[in-house]
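I have a structure I would like to understand better, so I am pasting it below and will then ask my questions one at a time.
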Amino acid sequence: MDAEMVGIGVQVRDRQTRGVKVSLLIGNSPAELCEEIDVHDRLLKIDGKDIHLLGAAIVQGYLACEPGAKKNLTLNRGRGEVYNVELVGAKYIRNFSRDVYADDHQDL
């Protein structure tokens, strides 16, 4: 099953005092295709705005964008590895078989 989507293809989840982490990379999205972001990475900034203390619902709103809009993300991949990724929003066909989910049994 496929569905038409718009945006960068990242979904996040709250983890109490540890901020917001990537919980899903939507299959065939800019985020999944860039092959730089991993589920469980902690989102620190969006377009230079510090968001690490905000809730997932608010952060998800900051991630929303139209085709062609750039989103600059600063993420942390544990052990202090901080990296930046620039994604461009797109209209794409979601490929559910390529979705990358966080393992619900691991600590997000």
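What is the residue count in the range 27-55 for residues that are in contact with an Asp or Glu (Cβ under 6 Å, 6 or more places away or on another chain) and either buried (at least 18 other Cβ atoms within 10 Å of the Cβ) or not small (Gly, Ala, Ser) (or both)?
1
Pull out all pairs, ordered by first then second residue, where Cβ-Cβ is under 8 Å, the residues are six or more apart or on different chains, the first lies in the range 81-93 and is in contact (Cβ under 8 Å) with a residue 60 or more places away in the chain and open to solvent by 60 Å² or more (accessible area, probe 1.4 Å), and the second is assigned to a strand (DSSP E or B) and among the β-branched types (Val, Ile, Thr).
Matching pairs, first to second residue: Lys91/Val6.
Suppose the filter is part of a strand (DSSP E or B) and either within 26 Å of Ile93 (Cβ to Cβ) or at pLDDT 95 or above (or both); does Glu36 pass it?
Answer is no for this residue.
Determine, yes or no, whether Gly61 is part of a helix (DSSP H, G or I) and free of Cβ contacts under 8 Å to residues at least 60 places away in the same chain.
yes
Ser97 fails exactly one of the following numbered conditions: (1) in a loop (DSSP other than H, G, I, E, B); (2) over 15 Å from the mean Cα position of the chain (by Cα); (3) touching a residue at least 40 places away in the same chain (Cβ under 8 Å). What is the number of that condition?
So Ser97 meets the others, but not (1).
Is it the case, given these coordinates, that Gly55 is over 12 Å from the mean Cα position of the chain (by Cα), among the small types (Gly, Ala, Ser) and over 15 Å from Gln11 (Cα atoms)?
no
If you don't mind, another one. Quick one: in the range 64-77, which of the residues that are open to solvent by less than 70 Å² (accessible area, probe 1.4 Å) and part of a strand (DSSP E or B) is farthest from Val10 (Cα to Cα)?
If we take residues in the range 64-77 being open to solvent by less than 70 Å² (accessible area, probe 1.4 Å) and part of a strand (DSSP E or B), then Asn76 is farthest from Val10 (Cα to Cα).
The values are calculated or read from the model by the stated rules, or taken from the named source; none is laboratory data. Just so it is clear, the model here is predicted, and its values are computed rather than measured. Glycine also receives a Cβ, built like all others from the backbone with ideal geometry; neighbour counts cover every protein chain displayed. Only protein heavy atoms, including side chains, enter the accessible area calculation; ligands, DNA and RNA are left aside. Shrake-Rupley method; radii C 1.70, N 1.55, O 1.52, S 1.80 Å.
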